[in-house]
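This report refers to the structure that appears directly beneath it.
Computed from the coordinates by the stated procedures, all read-outs in this text should not be read as laboratory data. Here the structure is a predicted model, which is why all the values come from computation and not from measurement. Cβ sites come from the backbone with ideal geometry, for glycine too, and all protein chains shown count toward neighbours.
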Amino acid sequence: MDTTPPVAKAAPNIPEFAVSELAGAIRRTLEDRFGRVRVRGEITELKRYPSGHIYLSLKDESAKLESVIWKTSVPRLAIKPENGVEVIATGKIGTYADRSKYQLVIDRLEYAGEGALLARIEKLRLRLLEEGLFDPARKRALPVLPRVIGVVTSERGAVIQDIRTTILRRFPRRLILWPVPVQGNGAAEQIAAAIRGLGALPPDGPVPRPDVIIVARGGGSLEDLMAFNEEVVVRAAAESPVPLISAVGHETDTTLIDFASDRRAPTPTAAAEMAIPARADLLADLSQTGARLLQAGQSLLDRARRRLMMAERGLPDLPGILGAMRQRLEDRGERLAVALPGLIERKRGALARIAPRLPHPREGMAARRAALGLLDARRSAALHRAVARAQAAPALARFSATPVAALVREKRARLDGLVARLEGVSYQAVLARGFALVSDAEGAPLTNAAAVPAGGRLVVTFADGTVGATADGAKPKRKAEPKQGALL
């Protein structure tokens, strides 16, 4: 039995940590070492959760950093995070102990230089161009003299003052200002809401819908003008039911709303001049147009007067013609008054000469009465003779009518048969079966095609009527093909 006492093990010199202690130490080390940092990278794997938090990753050519934006920091962001956009994120390094990972807690985002901004704008421009939002056919003409002008801009600043001063100077009109922020977080959404709100106003409501809308802003850097490059603003401008003028920045600045608007103005002042004409110019145009109309009317009257004078020279002397016709009418009236009694006297003399030769009516009546008596006597004599003949033939009175009726029926049956045979050979029955009778213009029937001259008038008789026709000429018959073995 081994009675050697056991040798005590040496205690390790590595400190022992609990998991939570080690996680806390790592978190404190990272926070103390880095604090607040600015990280440049491309946004990827962006996800928005119903809680309002945004999770994303920043990557470059060789690494990826997971990041988070808490919902309390989202409203304060200067830009809207999107996948594929290169940004500079500002925040602090933190850890997530439950999954043993570190992450960047972002509280500020900005684009990584103008190159990233321009690339994002160009990408959006090409996508909207493919959808047809920038099609020139969508552009509408501005009203000549709008009653109400809507302005979407900031209520503070020189832009609204320039627009108001220009309109008062050119032609005073009613202005409706929809104040919005023109840069910063949420500016794009408010600008789009203002455009849609002005377009949704009723035309005859207490606040009437404007006839033209001006979206304006003063100059600034590319980052300052980014609100007018957002998709929500561009779509609102393209969908506006009211013609829209964009006046964003200076003359050299170009934003995406310029492509979707109906007209682009280099400055807000130019937009006001574009929206409303100058009263002096309108009065000058009106005066010039009135003078041209007056001159045209005078020329038209002069030409009509000359045509009337030329026509007057060609007309006859109407007063002279009227006097001659009046004199002729009076002469005819005098002659008519003398001729009518003379005509009556001549007719009376002719009647007096003819009257002695005319028989007296009593003589005519006596002659007619004598002829009527003679005819009555002849009728009575004929009646007496017929009665005498009837009384002198007793055998005929005893004769039976039955043989006569039978003979009549036999003859009628024979006659009906002959009628049927006659109708069978009648050409009317042939026509009723679908045939037609062709005759020339004199009614002579035509029995062969050779007898019909080309262009001759024909009468085609059908069962229910006749139809006129014109012949085209007879076509020669085709010769029959010889049989095999026949001589050609």
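Between their Cα atoms, which of LYS47/LYS139; LYS64/LYS123; LYS71/LYS139 are more than 29 Å away from each other? Among LYS47/LYS139; LYS64/LYS123; LYS71/LYS139, the Cα-Cα distance tops 29 Å for LYS47/LYS139; LYS71/LYS139.
Can you list the GluC sites (Glu not before Pro) in segment 136-231 that are in a DSSP coil and have 12 or fewer other beta carbons within 10 angstrom? Don't skip to the end; give the middle numbers.
Values: sites: GLU155, GLU189, GLU223, GLU230, GLU231; in loops: GLU155, GLU223, GLU230.
In loop regions of segment 136-231 (DSSP not H, G, I, E or B), the sparsely surrounded GluC sites (Glu not before Pro) are GLU155.
Looking at the chain, send over the antiparallel percent of its DSSP beta bridges, to the nearest 5. Percentage antiparallel, nearest 5: 65.
Can you put PHE228, PHE134 in order, fewest other beta carbons within 10 Å first?
Values: PHE228 25, PHE134 18.
Ordered by Cβ neighbours within 10 Å, fewest first: PHE134, PHE228.
With neighbours defined as other Cβ atoms within 10 Å of a residue's Cβ, the residues ASP440, ASP211, ASP317 order from fewest to most as ASP317, ASP440, ASP211.
Only the Cβ atoms of Lys and Arg (+1) and of Asp and Glu (-1) were treated as charged; on that basis the dipole of segment 410-472 about its Cα centre amounts to roughly 300 debye.
What net charge do the residues around PRO266 carry, taking every other residue with its C-beta under 12 Å from that of PRO266, with Lys and Arg at +1 and Asp and Glu at -1? List each step's numbers first, then the result.
On the way: positive: ARG263, ARG264; negative: GLU251, ASP253, ASP258, GLU273.
Combined, the nearby Lys, Arg, Asp and Glu give -2.
In whole Å, what is the distance between the alpha-carbon centres of segment 316-332 and segment 61-120? Segment 316-332 and segment 61-120 have Cα centres separated by 112 Å.
Each DSSP beta bridge with both residues in segment 45-141 is either parallel or antiparallel, and the antiparallel ones are about 90%. If you average the C-alpha positions of segment 401-475 and of segment 215-288 separately, how far apart do those two centres end up, in angstrom? Computed from Cα coordinates, the inter-centre distance equals 92 Å. Since only GLN327, VAL232, PRO243 are under comparison, the one whose Cα sits farthest along the positive direction of the charge dipole of segment 219-336, derived from C-beta charges on Lys, Arg, Asp and Glu, is GLN327.
So for ARG235, ARG279, fewest C-beta neighbours within 10 Å to most, what's the order? Walk me through the intermediate numbers first.
Working: ARG235 17, ARG279 13.
Ordered by Cβ neighbours within 10 Å, fewest first: ARG279, ARG235.
Evaluated with a Cβ-only charge set (Lys, Arg +1; Asp, Glu -1), the chain carries a dipole of roughly 5380 debye about its Cα centre, given to the nearest 20. Straight-line cross-link partners of LYS80 among the aspartates and glutamates, defined as a Cα under 15 Å from its Cα and at least 8 positions apart when in the same chain: GLU42, GLU45, ASP107, GLU110, GLU189, GLU223, ASP224, GLU230, GLU231.
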